[in-house]
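Input: a single structure, listed below in structure tokens.
The values are calculated or read from the model by the stated rules, or taken from the named source; none is laboratory data. Note that this is a predicted model, so its numbers are computed, not measured. Here the Cβ is made from the backbone with ideal geometry for all residues, glycine too, and neighbour counts use every protein chain on show.
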Amino acid sequence: MILPKLALRNLLGAGLRTWLNVVVLSLAFVLIIWTQGLYKGMNDQAERASVEAILGGGQYWQEKYDPLDVLSLEDAHAVFPDGLKAMIETGQATPILVIQGTLYPKGRIHPVFIKGIDPDQKLLSLPTQFLKAGEDRFPALIGSRMAKNTGLTVGDTVTLRWRDADGTFDARDVEIVQVMKTVVQSIDQGQVWVPLDRLRTLAGMEEEASLVVVARGSLERPQAPGWVFRDLAFLLSDVRQLVQMKSAGATILYFVLIMLAMLAIFDTQVLSIFRRRKEMGTLMALGFTRGRVIRLFTLEGALHGVLAAVVAALYGIPFLTWYARHGWALPEGMDSYGFAIGEKLFPVYSVGLVLGTTVLVLVITTIVSFLPTRKIAKLKPTDALRGRMS
Amino acid sequence: MENSYLIETHDLVKTYLLGEHTIKALDRVNLKFEKAEFTGLVGPSGSGKTTLLNIIGSLDSPTSGSAVVMGRKVEDLSHKEAATLRNRHIGFIFQTFNLLPVYTVFENVEFPLLLLDLSAGARRRMTIAALDWVGLADRAKSKPAQLSGGQSQRVAIARAVVKRPALILADEPTANLDAENSHHILQTMERLNRDLETTFIFATHDQKVIDYLRRKITLIDGAVAKDEPVEPQQRGGGKT
């Protein structure tokens with residue numbers, strides 16, 4: 001047990017050199033946790049927003065429904081079975097009918113998905129209450145990105161065209177009753193939300209739907225022939241892949257940070273072993289074996305990691321906590337990032353992330369510290385005492 | 001019959017390769033040392049003094065021949081066994097003191113005891129006693145950089161004697177000291193030799209050290225040229 005004590009004394013005795021390394025390494029620590037926390041926060045926020053806005057606790061898809069295949073969309077609607085009907089009646093699920101259509105804002109053509117949803121639904125955060133209107137109006141809800149792309153605002157009337165169940169083209173003027181601000185692009189870009197019953201009637205698809213969103217937390221999974229249940233793991237896979245892709249960039253950043261910190265420690269170790277040969281010789285003369293000298297010097301290097309963790313905790317915990325509470329205000333252009341984030345990004349630091357980063361840094365520091373000390377294994381005590389390397 | 005010598009060397013040879021040349025540092029050295037000797041290896045630079053001291057101290061091993069230190073053949077010792085022998089039975093004093101700069105005087109002296117299985121209390125008692133012997137108890141908290149050359153060497157002596165070794169090997173211990181400090185150091189070592197019956201072997205060509213010796217072994221070109229006792233009346237420095 002004397003080695004850790006000696007190593008710590010030696011390390012602290014080295015003064016400024018030690019603290020420079022420790023500060024660099026602690027910065028790497030904090031930045032890694034911070035950036036990974038941002039990506040975790042981004043992932044969590046994106047998932048939460050998607051779940052609240054459209055995914056719910058999972059979705060039943062009509063077996064032909066594939067949101068990525070517009071050709072099959074024509075046939076992707078059916079009357080839902082009794083099991084799902086019961087859930088819908090008790091408010092445990094809400095149906096959505098999806099058909100392809102075209103919007104003609106200001107003379108331009110905009111292919112869209114027309115989505116019919118129950119204006120009274122409470123399951124999703126979509127502001128569907130705006131779709132409650134009299135028979136004389138045909139209300140439509142669009143997202144802010146869609147509004148920006150089409151130049152539409154609340155109160156505008158625009159022509160919407162679609163094909164009904166028989167393949168006949170039909171068209172109506174719809175009134176934009178609300179432009180919703182949402183971070184979930186999949187309910188915004190190229191989407192027009194209308195009352196479900198109106199769409200069913202106009203499209204000739206009475207009692208039909210393309211998908212049924214199940215309430216969050218509902219464990220009920222009724223048998224539904226002709227319908228496939230898609231759980232959140234499936235529905236969020238795109239979001240997760242996207243976040244993973246984005247975080248790969250961050251991985252390069254923290255690899256560079258770690259490399260810089262490790263380079264400093266490696267350099268210090270090499271310098272230490274070069275400059276402290278006489279000390280090694282003295283230690284051997286006093287009864288240290290070469291193995292013990294190697295362990296001492298390795299431990300000295302590895303303790304940089306431990307000190308860095310302590311220093312990182314001292315300023316990192318307040319910094320990261322503050323950031324987690326106040327979030328990072330994202331610039332407007334972040335919409336182009338590709339998925340739901342929100343106006344502010346709140347980093348999330350999991351125990352696994354903090355422990356994982358700590359263990360990773362400690363292991364790498366130990367390895368980097370050990371590599372130069374292998375030279376000591378060849379060191380003759382007599383050469384060391386003369387300040388020479390064998 | 002039990003071996004009564006602390007150290008014995010038999011036909012000790014040490015050669016070094018220097019490029020294509022072989023340098024003979026020790027040439028068939030046969031010596032015996034008893035307990036409580038105060039002996040010096042003298043001779044010009046390159047005569048093999050330090051090499052012999054290193055082999056006796058198990059820091060080096062002979063090319064041929066044998067060196068038996070406290071019943072153990074140095075040439076047969078593993079690194080670990082040699083380290084244990086040094087730690088338990090041999091103290092070293094170096095020309096450049098070799099104190100560990102980040103530790104205090106107390107910690108430097110205590111250092112060899114850390115490897116022994118001793119309680120903190122015992123280590124503390126032994127360290128204070130060693131510092132008392134060399135008259136530096138009041139500098140226990142100082143760092144080596146705050147000490148004079150003479151004080152540093154006294155700390156090195158305290159470090160060498162703290163574990164009460166049977167043997168202390170001192171390589172040019174006064175080379176970096178002025179005359180007054182040299183005499184002070186040598187008197188301290190002579191007193192320890194007398195009080196603790198510790199064997200001291202010096203490698204030196206400093207006349208001040210030679211004046212204190214009770215036995216003088218002259219090495220020339222790695223071979224023993226002369227091995228003679230020094231009578232009390234011949235000693236210039238020693239006031240035993």
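General remarks:
- Flag for residue A:283 being in the same structural domain as residue A:40 (by TED's automatic domain parsing), assigned to a helix (DSSP H, G or I) and within 30 Å of residue A:38 (Cα to Cα): no
- Per the conditions (1) within 14 Å of chain A (Cβ to nearest Cβ); (2) part of a helix (DSSP H, G or I), the sole criterion not satisfied by residue B:98 is (2).
- Those residues of region A:194-213 which are in contact with a Pro (Cβ under 9 Å, 6 or more places away or on another chain), hydrophobic (A, V, I, L, M, F, W, C) and under 15 Å from residue A:112 (Cβ atoms), in sequence order: A:194
- The residue list A:163, A:200 contains one member that is at pLDDT below 90 and assigned by TED's automatic domain parsing to the domain that holds residue A:80, which is A:163.
- Within region A:198-229, being surrounded by fewer than 17 Cβ atoms within 10 Å (Cβ to Cβ) and basic (Lys, Arg) holds for A:216, A:221.
- The one condition from (1) touching a strand residue (DSSP E or B) at 6+ places or on another chain (Cβ under 6 Å); (2) under 30 Å from residue A:225 (Cβ atoms) that residue A:110 does not meet is (2).
- Residues in region B:24-51 that are within 14 Å of chain A (Cβ to nearest Cβ) and in contact with a strand residue (DSSP E or B) (Cβ under 6 Å, 6 or more places away or on another chain): 6 in all.
- Listed by first and then second residue, the pairs with beta-carbon distance under 9 Å, at least 6 apart or on different chains, first residue in region A:272-283 and over 14 Å from residue A:14 (Cα atoms) and facing chain B (nearest Cβ under 10 Å), second β-branched (Val, Ile, Thr) and in a helix (DSSP H, G or I), are A:281/A:382; A:283/A:293.
- Candidate set: region B:59-80, residues that are within 12 Å of chain A (Cβ to nearest Cβ), in contact (Cβ under 8 Å) with a residue 12 or more places away in the chain and farther than 22 Å from residue B:173 by Cβ; chosen: the one farthest from the chain's Cα centre (by Cα): B:77
- Residue match in region B:19-34 (condition: in a loop (DSSP other than H, G, I, E, B), of a type outside the set (Ser, Thr, Tyr) and within 18 Å of the chain's Cα centre (by Cα)): yes
- Close Cβ contacts (under 9 Å, 6 or more residues apart or on different chains) running from residues in region B:138-159 that are of a type in the set (Asp, Glu) to residues that are assigned to a helix (DSSP H, G or I) comprise B:138/B:131.
- Residues being in the same structural domain as residue A:347 (by TED's automatic domain parsing), basic (Lys, Arg) and more than 17 Å from residue B:87 (Cβ to Cβ) are represented in region A:267-275 by at least one member.
- Any pair with Cβ under 7 angstrom, 6 or more apart, that starts in region B:175-201 at a residue that is of a type in the set (Gly, Ala, Ser) and ends at one that is assigned to a loop (DSSP other than H, G, I, E, B) and buried (at least 16 other Cβ atoms within 10 Å of the Cβ): B:175/B:95; B:175/B:206; B:182/B:174
- Residue check, residue B:56 under 30 Å from residue B:10 (Cβ atoms), within 14 Å of another protein chain (Cβ to nearest Cβ), in contact with a helix residue (DSSP H, G or I) (Cβ under 6 Å, 6 or more places away or on another chain) and touching a residue at least 24 places away in the same chain (Cβ under 8 Å): no
- If only residues of region A:1-46 that are small (Gly, Ala, Ser) and not in a helix (DSSP H, G or I) are counted, the one that is farthest from the other protein chains (Cβ to nearest Cβ) is A:15.
- Of all residues in region A:163-179, those satisfying the criterion of being within 40 Å of the chain's Cα centre (by Cα) and part of a loop (DSSP other than H, G, I, E, B) are A:164, A:165.
- Total residues in region A:284-294, condition at the interface with chain B (Cβ under 7 Å from one of its Cβ atoms) and under 50 Å from the mean Cα position of the chain (by Cα): 1
- Checklist (1) more than 12 Å from the chain's Cα centre (by Cα); (2) under 27 Å from residue B:115 (Cβ atoms); (3) crowded, with 19+ Cβ neighbours inside 10 Å; (4) more than 14 Å from every other protein chain (Cβ to nearest Cβ) applied to residue B:162, failing item: (4)
- Scanning region B:111-144 for residues that are within 14 Å of chain A (Cβ to nearest Cβ) and within 23 Å of residue A:18 (Cβ to Cβ) yields B:111, B:114, B:143, B:144.
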